[in-house]
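Beneath this line is the structure, given in structure tokens, with notes to follow.
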Amino acid sequence: MAEGSTLQERYQACMILSGTGDALGYNSGHWEFEQDAEKIHTEVAKMGGLANLDVKQFPLSDDTIMHLATAEALVETDKDAPLEQLYGALVQKYIRCMDDMSGRAPGLTCMSSTHYLKVHKEDWRIPFSKVAGGSGAAMRAMCVGLRFPRPEQERLLVAVSVESGRMTHHHPTGYLGALAAALFTAYAVRGQPPVEAWGQGLMQVLDKAKEHVREAGHCVDKNLEHWNYFEESWRKYLEVRGILEGAGKAQFPEQYGVSERETFYKSISFKGTGGASGHDAPMIAYDGLLRAGDSWTKLANHTFFHGGDSDSTAAIAAAWWGALYGFHNVPPKNYKDLEYFRRLSAVADKLYRVAHHQDDQCKKWSMN
């Protein structure tokens, strides 16, 4: 963690820099939908490099709009209420945020699912879908880790990330991405070292997620039938990096430049588009975090500016990085004039207060 950054500042950085990553990775769709990473890096260089990118010229995408919706539901729901009330609040926030999607390229799965939720107001549970494995659940779940960061809150983190995720992406590959995004944020809040051990933690928590799905009782057989892809993909990735057991330093190739990263990102993707799925959006974000350390520039080069779904990987990676390092050496141009800066800042403060200023907070939420 960066010296001098308070926990409250790291909450701020988590939410705000996530928005920065989203905005820069998106670039009004020019970079999110660009498959040629070398072209993106060339354009960044022509614009004066990362330090000269003025974020006020980069609007937010759907990723941050839905992340804000999730965060605001988490802080506005009474802490004494059962989880069902929180889920209802999330549904309403997701429906309403669809009115703020002009020019933000919302995903088809998110749009169709929120329409379903709007029509079927009595329930947050949507049907299982074989094609709902995208990154739309992962990109908005980091704030769940800010809300439930303590080890003793892990069951709540699992329940809320899984259920909020499958409100739009009812497929394990999709909503387990939300679990990874939330869990790694909680690890970052705790300052849990080493970062190389986070992957092993995820592998252990997947069993708890499976238990939750069984206990929830909604489309259990279909979920379990499609469960293994996410887990097996992450296991292979951690083996490649030499950190499946959570020990030692991550192993990277001697040459790991733009073209080498692109080849690797495509190899771990579902259909050749890095970051487009629930398993590989947090995976690429994690890969970049491992490589970058406390360097904002390295993080951006690895997770903001690549071919594929770059705004989702950027939003996730920048959230984790901010929760670890605060605003350490981040150029003010990159975040000070971010769209919805005040809204992101306000909800970050509320998340910090509700998560850390209530000693009995983990006992307030009902798991019934």
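A few notes on this one:
- For Gly134, the residues 5 or more places off, or on other chains, whose built amide H falls under 5 Å of its own are Gly278.
- Alpha-carbon centroid distance for the pair region 320-348 / region 8-51, whole angstrom: 13 Å
- Taking Lys and Arg as +1 and Asp and Glu as -1, the other residues whose beta-carbon sits under 9 Å from that of Ser61 total -4.
- Taking other residues whose beta carbon is less than 12 angstrom from the beta carbon of Glu215, and scoring Lys, Arg as +1 and Asp, Glu as -1, yields +2.
- Sorting Glu34, Glu215 by the number of Cβ atoms found within 10 Å of their own Cβ, with the fewest placed first, yields Glu215, Glu34.
- Placing a label point 7 Å from the Cα of Asp349 along the Cα-to-Cβ direction, the residues of region 12-43 whose backbone N falls under 19 Å of that point are 12-19.
- Working from Cα pairs under 8 Å separated by at least six residues, relative contact order for the chain is 32 percent.
- Square roots of five times the Cα gyration tensor eigenvalues for region 7-363, Å: 27, 22, 21
- Highest GNM mean-square fluctuation among Gly308, Gly165, Gly293, for the chain modelled with Cα contacts below 10 Å: Gly293.
- Full-stretch length increase - Gln85, Lys336 - with 0.36 nm per residue and alpha-carbon distance subtracted: 86.9 nm
- Net charge dipole, region 39-180: roughly 380 debye, given to the nearest 20, about the Cα centre with Cβ charges of +1 for Lys and Arg and -1 for Asp and Glu.
- At q = 0.17 Å⁻¹ the log10 of I(q)/I(0) for region 274-343 amounts to -0.58, computed by Debye summation with a single uniform scatterer per C-alpha, solvent ignored.
- A simple rule links phi to the HN-Hα coupling: the Karplus curve 6.51 cos²θ - 1.76 cosθ + 1.60 with θ = phi - 60°, which for region 273-289 gives 10, x, x, 7, 10, x, 7, 9, 5, x, 5, 5, 4, 5, 4, x, 5 Hz, with x for Gly and Pro.
- Per-bin percent of Cα-Cα distances, region 209-299 [10 Å]: 14, 41, 29, 13, 3
- Too-long pairs where the Cα-Cα distance tops 19 Å, listed order kept, from Lys130/Lys222; Lys56/Lys266; Lys236/Lys271: Lys56/Lys266
- With a Förster radius of 22 Å applied to the beta-carbon distance between Glu122 and Leu224, the computed FRET efficiency rounds to 0.25.
No lab work stands behind these numbers, since they all come straight from the coordinates. In this text, all values refer to a predicted model and were calculated from it rather than measured experimentally. For neighbour counting, all protein chains shown are included, and Cβ atoms are generated from backbone atoms with ideal geometry for every residue, glycine included.
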